[in-house]
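The values are calculated or read from the model by the stated rules, or taken from the named source; none is laboratory data. Keep in mind it's a predicted model, so treat the numbers as computed, not measured. Reconstructed Cβ throughout: ideal geometry from the backbone, glycine too, with neighbour counts over all protein chains shown.
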Amino acid sequence: MLEAIKKIFAPKTGVKKSFNYQQPLMDKVIEENRHALSLVNNWIDAAAFEKSFFKYGVPDYIKIHLNKPINKSVTYTDIMAYILKKHFEELNYLEIGVSVGKNFFQLLESTNNATFTGFDIEEITPVIERRLIFKEKSEWETPVKSIKKTKSSFKKFDYKGLEVNYLCADVWDENSWAKLKGNKYNLVFSDALHTPDAILFEFEMLVKYELLDEKFVIVWDDLVGKMRNSFFKIIKKYDQKYQIQDIYLLAVNGWIGENETPHSLGIISNFLL
């Protein structure tokens, strides 16, 4: 499959296995992100974990590392922060699968001209919510067949003058995706269900509700096994519509840094990064 994709995109860029960056800018990003992480002493709220559906997507072998500092090796958060600083004067960011918010919070701290939207089946973690200024909330019924047994909701917050939204809903619930219509996201991070069908469905929702801006970057975490096949299917199906220019498959640290093995990260953009 990888060789087939290389042939399809040979006139453009091929599949890149390393991310080139300007060292001074990346050094600044890493310094800012490590500072942001240092602002939170404890990312774990025991009561929230107890009430959660999936323990915020944090298995025990990762949970023990959540509060450990990380070194200056590049993480996927560093790459996304680098992209937003280099390419977007104004960011409209969507994160699908916020978990405890370590990635989300670092990006919040990295810009002063942005709108942020998180989408997760779990309620926003109190660790993050306590740092935000609540503005309003709307609710609706969750589909009966969903694993989520509470109402879905959309909360609006303010963070240092930035608009922050949090959609608490099942990613399979199309009605919840419809709540996002009218937004145009230029940076999307997919880190939710990690199944081949899920990332295909997510992308179909992005297309159906016209959620991608004229200039966009999409990042997927944990592209292993059949997940990678779905990544390639998206590229093949939507290249003509979106004129995809850059494709990356990287091995890079996640938000607990060197405390776990590198993640398999996929990136596409409709402009050259």
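A compact table of results
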item	result
Strands (runs of 3 or more DSSP E) completely within the range 158-273 that count 1 or more residues being more than 21 Å from D78 (Cβ to Cβ) and charged (D, E, K, R)	162-168, 212-220
Looking only at the range 1-53, and only at residues there that are aromatic (F, W, Y) and within 21 Å of the chain's Cα centre (by Cα), the one that is modelled with the lowest pLDDT	F53
Residue identified as under 24 Å from N175 (Cβ atoms) and aromatic (F, W, Y) among F231, F201	F201
Only listed residue being farther than 25 Å from T150 by Cβ and touching a residue at least 24 places away in the same chain (Cβ under 8 Å), chosen from I70, I64	I70
Filtered residues of the range 96-152 (kept if assigned to a loop (DSSP other than H, G, I, E, B) and of a type in the set (K, R))	R130, R131, K145, K148, K149, K151
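For every residue, the table says whether it meets (1) in contact with an Asp or Glu (Cβ under 9 Å, 6 or more places away or on another chain); (2) in contact (Cβ under 8 Å) with a residue 24 or more places away in the chain; (3) farther than 28 Å from S138 by Cβ.
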{"site": "K181", "(1), (2), (3)": "yes, yes, no"}
{"site": "L212", "(1), (2), (3)": "no, yes, no"}
{"site": "K215", "(1), (2), (3)": "no, yes, yes"}
{"site": "R228", "(1), (2), (3)": "no, yes, yes"}
{"site": "F232", "(1), (2), (3)": "no, yes, yes"}
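For (1) of a type in the set (S, T, N, Q); (2) at positive phi, each residue gets a yes or a no:
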{"position": "D45", "(1), (2)": "no, no"}
{"position": "G57", "(1), (2)": "no, yes"}
{"position": "V98", "(1), (2)": "no, no"}
{"position": "N112", "(1), (2)": "yes, no"}
